[in-house]
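Let me begin by presenting the structure, written as structure tokens, before commenting on it.
The values are calculated or read from the model by the stated rules, or taken from the named source; none is laboratory data. This structure is a prediction, so every number in the text was calculated from the model and none was measured. All Cβ positions, even for glycine, are placed from backbone atoms using ideal geometry, and neighbour counts span all protein chains on display.
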Amino acid sequence: MTISLSDTGKRYNRDWIFRHLSYQFLSGNAYAITGSNGSGKSTLLQAISGSLLINEGSIRYEKDDTVISDENIYRYVSLCAPYLELIEEMTATELLDFQQAFKPFLPHFDTKKLLQIAGLEGAAQKQIRYFSSGMKQRLKLIQAFASDTPILLLDEPCTNLDQEGIALYQLLLQQHTDNRIVIISSNDPVEYAHCTARIAMGDYK
């Protein structure tokens, strides 16, 4: 899988968030997007996910030498971010079952096993509205990592996590990112320490 950004830029009204950003992301690698608050880290991640249109340049997705259309890229992407909402009327079990129905899990995962890995088996039948913020973040993480997609996008992935939750995140990174493109938007070295490349948003103003 390859994601190629060519002279990309995004603006809101007359203010450019980033401009002239060219970069190539390759499978089997992990990348960090860093920068001050408001520098455009999350904006860039959302643009890469296909959920946000850019104003100039292009983003090209290829898998096995076949170009993937913008309208179909969602099938190849998993995203975990603080601003994504969970369906709070569902239980944790119902949410993961629902997720698997339209974006299958990696072959060695099922709902029961995922809840055990996340330490949420005791809350399997509890409505998500009664989860703490840390429990919700664990559920978001396990859902993103377990989805059988070649692209994994993580925006401030340790938000609301305690030390046990951070350990879970690091374990998931170690065990379930082979042959994927992993892109992490963060200013916390704990979240992106394993990344081998970094995009500094301040370079694209």
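With more than 13 Å from Arg198 (Cβ to Cβ), part of a strand (DSSP E or B) and polar (S, T, N, Q) as the only criterion, which of Ser58, Ser42, Ser36 stands out?
Being more than 13 Å from Arg198 (Cβ to Cβ), part of a strand (DSSP E or B) and polar (S, T, N, Q) holds for just one of Ser58, Ser42, Ser36, which is Ser58.
Looking for whichever is in contact with a His (Cβ under 9 Å, 6 or more places away or on another chain) and of a type in the set (A, V, I, L, M) here; the options are Leu173, Leu153, Leu114. Which one fits?
Within the list Leu173, Leu153, Leu114, the selection yields Leu173.
With the structure loaded, tell me whether Glu94 is surrounded by fewer than 16 Cβ atoms within 10 Å (Cβ to Cβ) and more than 18 Å from the chain's Cα centre (by Cα) or whether it fails that test.
In short, no.
Please determine whether any residue of the stretch 122-138 is part of a strand (DSSP E or B), at pLDDT 95 or above and farther than 20 Å from Ser42 by Cα.
Yes, that holds for at least one residue.
Pull up the stretch 45-73, narrow it to residues that are surrounded by fewer than 16 Cβ atoms within 10 Å (Cβ to Cβ) and among the hydroxyl-bearing types (Ser, Thr, Tyr), then point me to the one that is farthest from the chain's Cα centre (by Cα).
Thr66
Consider Leu139 carefully, then state whether it is among the hydrophobic types (A, V, I, L, M, F, W, C) and buried (at least 16 other Cβ atoms within 10 Å of the Cβ). Break it down into steps so the answer makes sense when it comes.
Numbers: among the hydrophobic types (A, V, I, L, M, F, W, C): yes; buried (at least 16 other Cβ atoms within 10 Å of the Cβ): yes.
Considered against the rule, which asks whether it is among the hydrophobic types (A, V, I, L, M, F, W, C) and buried (at least 16 other Cβ atoms within 10 Å of the Cβ), Leu139 comes out as yes.
Is it the case that some residue within the stretch 1-8 is modelled with pLDDT of 95 or more, assigned to a helix (DSSP H, G or I) and either touching a Pro at 6+ places or on another chain (Cβ under 6 Å) or under 22 Å from Ala146 (Cβ atoms) (or both)?
No, the stretch 1-8 contains no residue that is modelled with pLDDT of 95 or more, assigned to a helix (DSSP H, G or I) and either touching a Pro at 6+ places or on another chain (Cβ under 6 Å) or under 22 Å from Ala146 (Cβ atoms) (or both).
Would you be able to say whether some residue in the stretch 180-194 is in contact with a Cys (Cβ under 7 Å, 6 or more places away or on another chain), surrounded by fewer than 13 Cβ atoms within 10 Å (Cβ to Cβ), at negative phi and not in a loop (DSSP other than H, G, I, E, B)?
yes
Sort out which residues of the stretch 74-90 are surrounded by fewer than 18 Cβ atoms within 10 Å (Cβ to Cβ) and either of a type in the set (Phe, Trp, Tyr) or not in a loop (DSSP other than H, G, I, E, B) (or both), and write them in order of number.
First pass over the stretch 74-90, keeping only residues surrounded by fewer than 18 Cβ atoms within 10 Å (Cβ to Cβ): 74-75, 82-90.
Passing the criteria: Tyr74, Arg75, Tyr83.
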